[in-house]
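Every number in this text was worked out from the coordinates using simple rules, so none of it is lab data. As the structure is a prediction and not an experimental result, all values here were calculated from the model. Quick reminder, even Gly has a Cβ in these numbers, built from the backbone with ideal geometry, and neighbours come from all protein chains shown.
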Amino acid sequence: MTDRPYVIDKLISAKAIAARIEDLAREIESYYADVDKLVVVGLLRGSFVFIADLVREIDKVIEVDFIEASSYGDAMVSSREVRILKDLGGKIEGRDVLVVEDLVDTGFTLSHVVTLLKARKPKSLRCIALLDKPTRREVDFTADWIGFEIPDEFVVGYGIDFAQRNRNLPYIGKVRFTDDA
């Protein structure tokens, strides 16, 4: 699949991402105003850039942990089988938890992870996603905060990859195959 030639068309600029993250951080600070410490759980690997920028903007005591789940592998579409590749390092029982995801597509991955984490009895559990593709949703799941709603395009950049490529782009771009007729 990645042997096909492709180009990346910019969809969301680095400046737009930075501005939206500032706004989201203020909303999160307001929501968690009475919380002493927030546990921020990043879904690896795609969220690592987003989580780094987001936590630097939140003026609150934060503990960061990660969980790695996969439903894509190197494919462009979800397999709908969610596998946990790395679990949390700490406990979340009785704690306020914010799950950070890069992209909500079918909803399978985030729904599965949220169900898994809720079973660990956090005090509260909310979700934020940088990108949302509601037209692709197959599971009734909506993140509490959304950075950008995007069309049904395969996107890369800002931590999001295509077969482990293009994570390092500072913007979000859509993949366009150049050999398409």
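Each residue in 4, 126 was given a count of other beta-carbon atoms within 10 angstrom of its own, and listing them fewest first yields 4, 126. Only helices reaching 24 angstrom along their own axis (Cα) with mean Kyte-Doolittle hydropathy no lower than -1.0 count here, and for the DSSP H runs of the chain these are 14-31.
Rounded to the nearest 20, the size of the Cβ-charge dipole of segment 1-139 about its Cα centre is 300 debye, with Lys and Arg at +1 and Asp and Glu at -1.
Normalising the average separation of contacting C-alpha pairs (under 8 angstrom, six or more residues apart) by the number of residues puts the relative contact order of segment 21-150 at 23 percent.
Its DSSP H runs of at least 4 residues, each contributing -39,500 (n - 2.57), put the calculated 222 nm mean residue ellipticity of the chain at -7000 deg cm²/dmol, to the nearest 500.
Legend: ranking of residues 21, 172 from fewest to most surrounding C-beta atoms inside 10 Å; resulting order 21, 172. The count of lysine pairs in the chain whose Cα atoms are under 14 Å apart, excluding pairs fewer than 8 places apart on the same chain, comes to 8. When the chain is treated as a GNM with alpha-carbon contacts under 10 Å, the residue of 14, 119, 52 showing the greatest mean-square fluctuation is 119. Once both labels are positioned 7 Å from their Cα atoms along Cα-to-Cβ, the gap between residue 63 and residue 88 label points is 0.9 nm. Summing charges over neighbours of residue 25, with a neighbour being any other residue whose Cβ is under 13 Å away from its Cβ, gives -3 when K and R count +1 and D and E count -1.
By the count of other C-beta atoms within 10 Å, a proxy for reagent exposure, 108, 50, 154 are ordered fewest to most as 154, 108, 50. Quick check: from the Cα gyration tensor, does segment 1-48 come out rounded (a/c under 1.5), prolate or oblate? Note, shape of segment 1-48 comes out oblate. Based on the Kirkwood approach, the hydrodynamic radius assigned to segment 21-150 is 14.8 Å, with every pair of different Cα atoms included. A simple count of charges around residue 121, restricted to other residues whose Cβ falls under 10 Å of its Cβ and scoring Lys, Arg +1 and Asp, Glu -1, yields +4.
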